[in-house]
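Notes follow once the structure below has been shown.
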Amino acid sequence: MTIAVIGAGASGMMAALTAAEQPENKILLFERQARVGRKLAVTGNGRCNLMNTGAPRYPGNAAFAAAVLSHCGAEEQKAFWEHLGLRLRQEEAGRVYPVSSQASSVLDALRLQLTALHVRVVTGVSITTLHRENDGWTALSADGQQFRANRVIISGGGCAQPKLGSDGSALRLLTNLGCPAMPFAPALTQIITDSTPIKGLSGIRVKAQVAVIDRKSVLHEEDGELLFADYGVSGVCVMQCARYAKDGRVLRVSLVKGMGFADAGEFRRELHRRRRDWAQRPMTEMLTGLCVPRLSAALMRQADWEVRESSLCGQMTADMAERLTKTADAWLLPIRGVKGFESAQVASGGASVADFDPATLQNRRLPGLYAAGEVLDVDGDCGGFNLMFAFGSGILAGLDGRNAPWTHENAQKS
């Protein structure tokens, strides 16, 4: 049986390898770029966060992601990596990395196995059209080549990080065959805000709680490290709010817990203590020890404090304390949008998951057609969840309902 895998990223290489474990299969792995796995080589800041053993976090089609991972989750994927000789290490928050802490180790393990299993890797070829013919498929490339296959696995990814080759063209292969889809949109990316309130804060990092607000309703909230930038804000907690960040909504930033206070009331009491004990100290020193001076000045401006060179802490009024407390606990930054695909770690949108069987990733209407990875309308939070789904869905697409030969159970039988 000939199997064509279109897209040699994380899910595509997995699909090709697992299909190639069956000796009767002949595998063609197509990649538009000059080499395979370009995005994989830089993921996780070059360390490659392969998966996450914690509770699944998939804001995009969580039920389908859970169904896929119920068939090929952390344990099954660990067994696969051990089969390839890649040792893993679990770190904080369930994140799993190769022991080398190098994404190149992961890519090397995959490429060497592709060679060992005699997978034919065809680089520099873009598949533009698929035709269903009799009991198989014909794939046409942009340069006029034709390839016949019994099964086709589309794993070409989304639109995130186009500089590494992502352009969304794989989704067009599916939509041209009548598969419904949602347009791709940047996810896990920075949020653009009104720059006036945060002027001069670029490069400052703080612990914060952030929430996207629409007409007083909280759409999503996270906590973690926030990074101020000229355009707005970044950081993992911010990026995990990006899918909800639309122009006209507001990002609420709370800093009081990051400053070491249990709540706004404790922060307010500390301000009054400083007013009493630091009465003769300059008012510009009011937040000393809680945040850096640039952030202190910005918070005071936002709270409408008129701080002159001669202003003293003892001159703070109850109303001033209340305004500063409200600002520190709920700093409202008007949202102007999000950064584009070039900055996004992953894209939301893709082929409708209702069209695919989560146990095999085969299309429910078109026999022999499969999809895996980011081309499907599934996206997860930071922390290894997106790669975990890509690997898991790729493995299942390659296996097509067969038992994995590298699992602990099968290894014990052999």
- Item | Members of the stretch 156-197 found to be open to solvent by less than 50 Å² (accessible area, probe 1.4 Å), hydroxyl-bearing (Ser, Thr, Tyr) and over 21 Å from ASN386 (Cα atoms), listed by number | THR193
- GLN362, sole failed condition from (1) open to solvent by 20 Å² or more (accessible area, probe 1.4 Å); (2) within 23 Å of the chain's Cα centre (by Cα); (3) among the polar types (S, T, N, Q): (2)
- Task: Would you please name the residue that is farthest from the chain's Cα centre (by Cα), looking only at residues in the stretch 243-266 that are of a type in the set (D, E, K, R) and either in a loop (DSSP other than H, G, I, E, B) or farther than 19 Å from GLY224 by Cβ (or both)?
- Result: GLU266
- Message: For the condition on the phi > 0 side of the Ramachandran plot, touching a Gly at 6+ places or on another chain (Cβ under 8 Å) and of a type in the set (Gly, Ala, Ser), what is the one hit in GLY156, GLY168?
- Response: GLY168
- Query: Does at least one position in the stretch 365-377 carry a residue that is surrounded by fewer than 21 Cβ atoms within 10 Å (Cβ to Cβ), charged (D, E, K, R) and at pLDDT 95 or above?
  - Reply: yes
- Note on the structure: Of LEU299, LEU287, the only residue that is over 23 Å from GLN190 (Cβ atoms) and open to solvent by less than 10 Å² (accessible area, probe 1.4 Å) is LEU287
- Among ALA79, ALA63, ALA16, ALA41, which is part of a helix (DSSP H, G or I) and in contact with a His (Cβ under 8 Å, 6 or more places away or on another chain)? ALA79
- Filtered residues of the stretch 82-117 (kept if open to solvent by less than 30 Å² (accessible area, probe 1.4 Å) and assigned to a helix (DSSP H, G or I)): GLY94, ALA103, VAL106, LEU107, ALA109, LEU110, LEU114
- Message: Given the condition farther than 19 Å from GLY340 by Cα and touching a Phe, Trp or Tyr at 6+ places or on another chain (Cβ under 9 Å), answer yes or no: does some residue in the stretch 220-227 qualify?
- Response: yes
- Does GLU91 qualify as being under 17 Å from GLY398 (Cα atoms) and out of contact with any Gly (no Cβ under 7 Å at 6 or more places or on another chain)? no
- Filter pass, VAL152 being open to solvent by 50 Å² or more (accessible area, probe 1.4 Å), hydrophobic (A, V, I, L, M, F, W, C) and not in a helix (DSSP H, G or I): no
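The values are calculated or read from the model by the stated rules, or taken from the named source; none is laboratory data. The structure displayed is predicted, hence computed values, not measured ones. In this analysis, Cβ positions are derived from the backbone assuming ideal geometry, glycine residues included, and neighbour counts consider all displayed protein chains. Quick note on the areas: whole protein, heavy atoms, side chains included, nothing else; ligands and nucleic acids left out. Shrake-Rupley method; radii C 1.70, N 1.55, O 1.52, S 1.80 Å.
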